[in-house]
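Just so it is clear, none of the values below were taken in a lab; they were calculated from the coordinates. Bear in mind the structure is a predicted one, so any value in this text is a computation, not a measurement.
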Amino acid sequence: MTKCKSLLIYLFISVLCASCITNKDVVYLQDKGTSKLDSLSIKELSKPYRVQVNDILSINVKALDNELTAIFNPVGNNSSGAQGGLYFSGFTVDLHGNIKFPILGEINVLGFTITEIEDKVKSELLAQYFKESAELFVTVKLAGLKYTTIGEVGTGVHTLFQDRVNIIEALANAGDIALTGDRKDVLVIRQYPDGQKIHHIDLTDIAAMQSPYYYIQPNDIILVKPLRRKSLGAGQTAIQNITTIASILSVLVSTYFLTKNL
């Protein structure tokens, strides 16, 4: 009986310690000493987004004479919150990296930044249609930042109407990672001209803010894997583990006495 008690106590302590989800598993951006910069002076790294195939662009042209710019601004292109409208009235980047723009025809925008596209469209308009005295102003924006979340997080396709979105904001918009999600190895599946690539980021480490994947890009897929504890069916908290262990002990004790009385 003494050995049985010792075994049960050992089992109780082992399960309690090993299966609980600790603060280190769930707290974002902890200072783990992996970043050489002070936590107050960390610079957020983000590179200008370069347009890809199937992106939808909203292009707005303004000048002193509004009648001259009407042909370049389709109806619905000015409704900033209507992504559905932009699907029909915006300019979609085709498989060759071109958009079809009024008067100018096809313009290649693949791999260009938003600022570079603005300059390119403005230059072409000044060369073919407007005069310098028209005081031309061209604005180009992406028709929302669309991304997908899957796994131990609110699953779905989301769109945010912002120029820059970091991965913490993106996950918060999707409902945040569940307690059973692995924040230490979040996968970001990103589209490139030569195909998709999988990147890893540890969101429990403040050094994540220095990662090139901290800021998401259009069409990113964010995949959150389950912690191994969930796969084992262990409880998420100490109370859940104690409840589970108490049930196991109750069954073992009952079995012991029934066996003893036979």
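Quick one: compute the contact order of segment 56-211, relative version, from alpha carbon pairs under 8 angstrom and 6+ residues apart, as a percent. Worked out over segment 56-211, it gives 17 percent. Among the listed pairs Lys120/Lys225; Lys47/Lys131; Lys122/Lys197; Lys32/Lys225, those whose Cα-Cα separation exceeds 32 Å are Lys120/Lys225; Lys47/Lys131; Lys122/Lys197.
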